[in-house]
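Participant: Pasting in a structure now, in structure tokens, and then I'll have a few things to ask.
The values are calculated or read from the model by the stated rules, or taken from the named source; none is laboratory data. Nothing here was measured: the structure is a model prediction, and the numbers come from that model. Every residue, glycine as well, gets a Cβ built from its backbone with ideal geometry; the counts of neighbours run over all protein chains shown. The area values use the complete protein model at the heavy-atom level, side chains included, leaving out ligands, DNA and RNA. Shrake-Rupley method; radii C 1.70, N 1.55, O 1.52, S 1.80 Å.
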Amino acid sequence: MLDNNVLYEKVKNILYSLTGITLAQNKDIMISNRLHKLKRNANYTGEIEDLLKAIENGSYTMEFINSFTTNKTHFFREDFHFTDLKNRVLVDHAKKGQEIKMYCSASSTGEEPYSMAMTVLEAQEELGKKINASILATDIDTNVLQYAANGIYRYSKSSKEFPEWIKPQKYFKKRVKKNLASEEILIKVKPELQKMITFQVNNLNDSSYPFEKNYFDVIFCRNVLIYFSSTDQNKILKKLFSHLKMDGTLYLGHSENPHDLINYVQRAGQNIFIKKKELS
Ligand SMILES: C[S@@+](CC[C@H](N)C(=O)[O-])C[C@H]1O[C@@H](n2cnc3c(N)ncnc32)[C@H](O)[C@@H]1O
């Protein structure tokens with residue numbers, strides 16, 4: 001049997017090679033919990049060492065990736081980004097009458113791209129003008145993509161997830177699920193939001209992405225770079241930047257920074273960057 005330190009080092013190496021995610025030194029408990037999750041997800045009853053060998057040989061990779069990603073998210077997370085999207089970017093696009101193409105590059109269970117879609121519909125109503133918008137939402141985790149495509153969420157009345165300018169009842173159908181002990185409120189996103197979004201797998205760590213260059217007007221890359229080394233964050237940002245149009249907007253998470261892009265962008269708010277120059 002492998003010593004735990006050797007086992008965890010092996011896990012870290014596999015995780016890095018499949019996803020680019022770098023785990024810090026103090027993550028032993030997390031790794032141990034995720035290994036249990038992996039065995040359950042893979043329905044594997046043998047020894048963990050044998051499962052890891054199988055993964056190194058190309059089996060169970062999806063189950064491995066899905067067990068090791070961290071998917072924490074919520075609707076309108078860092079809501080000032082959606083306010084900027086509505087009041088600046090969408091106003092500008094509506095004026096020009098142009099279609100807006102948006103990319104959500106680590107969409108997790110879908111709350112982020114659905115928040116983008118709700119923002120479009122709010123802007124449309126405020127401006128009294130139709131805005132043609134499409135949203136590509138990708139993640140490396142196939143489970144969360146499936147969850148996102150289903151569009152069903154738990155709702156708590158005390159939830160502060162929605163900003164004042166969003167009335168959730170406009171965008172969700174409420175379903176109450178009763179069982180003996182409790183009552184659970186589920187909300188399902190309405191088809192007009194779902195129609196705007198395409199969910200697809202993409203690994204940000206791949207050497208290139210399957211989209212056209214200079215294609216997107218808006219890219220959300222939030223709370224995912226933190227899982228990568230500084231060198232890999234920079235590489236991912238440069239790849240994403242090549243798919244952003246000139247004058248397009250990049251939104252990063254609260255503790256993320258634009259690395260080498262800093263000389264090619266103009267800051268438009270907290271972790272909001274407008275592309276001003278192509279990378280040389
Ligand atoms: C913490 S969630 C952030 C979700 C959302 N962007 C937000 O800000 O609320 C990070 C997401 O990044 C995804 N992820 C991790 N590594 C990835 C990779 N190499 N390529 C694409 N997505 C990845 C995870 O599966 C997870 O769903």
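Participant: Report the net charge of residues surrounding V176, where surrounding means a beta-carbon distance below 10 angstrom and charges are Lys +1, Arg +1, Asp -1, Glu -1.
Facilitator: Neighbour charge sum, excluding V176 itself: +2.
Participant: Per residue, how big is the convex hull of the chain when only Cα atoms are used? Give it in Å³.
Facilitator: Enclosed volume per residue, from the Cα hull, is 151 Å³.
Participant: When every alpha-carbon pair in region 205-280 is counted, what percent end up more than 20 Å apart?
Facilitator: Tail of P(r) above 20 Å: 21 percent of Cα pairs.
Participant: Here's another thing I want to ask about it. Report in % the part of the accessible area of region 4-68 that belongs to carbon and sulfur, leaving out ligands and nucleic acids; probe 1.4 Å.
Facilitator: On region 4-68, the fraction of accessible area on carbon and sulfur atoms equals 47 percent.
Participant: Still on this structure: Once you keep just the Cα pairs under 8 angstrom separated by 6 or more residues, what percentage relative contact order results for region 4-68?
Facilitator: It rounds to 37 percent for region 4-68.
Participant: Another one. When Lys and Arg each count +1 and Asp and Glu each count -1, what net charge do the other residues less than 11 Å away from N271, Cβ to Cβ, add up to?
Facilitator: Net local charge, N271 excluded: -1.
Participant: If you don't mind, there's one more thing I want to ask. Which translational diffusion coefficient, to the nearest whole µm²/s, is obtained for region 151-223 from the Stokes-Einstein equation, given a Kirkwood hydrodynamic radius over C-alpha pairs, 37 °C and 0.692 mPa s?
Facilitator: 207
Participant: Quick one: what are the phi-derived ³J(HN,Hα) couplings along region 194-204, Karplus 6.51/-1.76/1.60 with θ = phi - 60°, whole Hz, x for glycine and proline?
Facilitator: Result, ordered by residue: 4, 4, 7, 10, 10, 9, 8, 7, 8, 9, 4 Hz.
Participant: Hey, another quick one. For the chain, calculate the relative contact order in percent as a whole number, restricting contacts to Cα pairs under 8 Å that are 6 or more residues apart.
Facilitator: 16
Participant: A further question follows. Which of the GluC sites (Glu not before Pro) found in region 69-123 are loop residues per DSSP with 13 or fewer other Cβ atoms within 10 Å of their Cβ?
Facilitator: Here the sparse-neighbourhood loop sites are E99.
Participant: For a quick check of your reading of the filter: which GluC sites (Glu not before Pro) in region 171-280 sit in a DSSP loop and have no more than 15 other Cβ atoms within 10 Å?
Facilitator: Answer by residue number: E212, E278.
Participant: If you don't mind, another one. Counting only trypsin sites (Lys or Arg not before Pro) that are in a DSSP loop and have at most 16 other C-beta atoms within 10 Å, tell me the longest site-free stretch of the chain.
Facilitator: Value returned for the longest uninterrupted segment is 214-275.
Participant: Let me ask another. Over the alpha-carbon set of region 4-68, divide Rg by the Kirkwood Rh and report the Rg/Rh ratio to two decimals.
Facilitator: Reported Rg/Rh, Kirkwood definition of Rh: 0.91.
Participant: Per DSSP H run of at least 4 residues, take -39500 (n - 2.57); add these up for the chain, divide by its residues and hand me the 222 nm value, nearest 500 deg cm²/dmol.
Facilitator: -11000 deg cm²/dmol
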